[in-house]
Amino acid sequence: MTLVTAGVVVLDCAEPEKLAAFYKELLEAEETDANANRVEIRGTDGIRMAFRRDMAATPPSWPRPESSLQAHLDFHVSDLDEAERKIIGLGGRALETGDASGLYEERGYADPSGHSFTLRYVAATSPKQD
């Protein structure tokens, strides 16, 4: 059984609905999930992206170092504790220790080089029966 089941590129922004609309058009994508703070899309080629509300988000300053972090990786897992043990075992570290609120439980981590990413608990669903 694969522990990590999906990867989603997440862009933090002040207005996720507007940014999602841009990428939906660009990628000929469909909206697959939305709530007050996040919109997720899937392109026709399978690319998955999400746009997360962050009222403090600023436009990228690249190549200048200020405000250069504009995206992070977001992985869906069916068992947060097991995934955390694996991450720690591989040399990663936890960044957040508080409980997440909302529909999905999330935990933040850093890889061995310090790049941040998020694990999101998503309950497994059974395949559709015809």
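Laid out as a table, the results:
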quantity	calculated
Largest to smallest accessible area among 84, 17, 40, 25 [probe 1.4 Å]	25, 17, 84, 40
Phi-based couplings in Hz for the range 3-18 (Karplus 6.51, -1.76, 1.60; Gly and Pro marked x)	6, 8, 9, 7, x, 9, 7, 10, 10, 7, 7, 6, 10, x, 5, 5
Table column - 3J(HN,Hα) (Hz), the range 38-55, Karplus curve with 6.51, -1.76, 1.60, x for Gly and Pro	7, 10, 10, 10, 9, x, 4, 8, x, 4, 10, 9, 9, 10, 10, 5, 9, 5
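The values are calculated or read from the model by the stated rules, or taken from the named source; none is laboratory data. Predicted model, so just to flag it, every value in this text is computed and none were measured. Accessible surface is based on the protein model in full, side chains and every heavy atom, while ligands, DNA and RNA are left aside. Shrake-Rupley method; radii C 1.70, N 1.55, O 1.52, S 1.80 Å.
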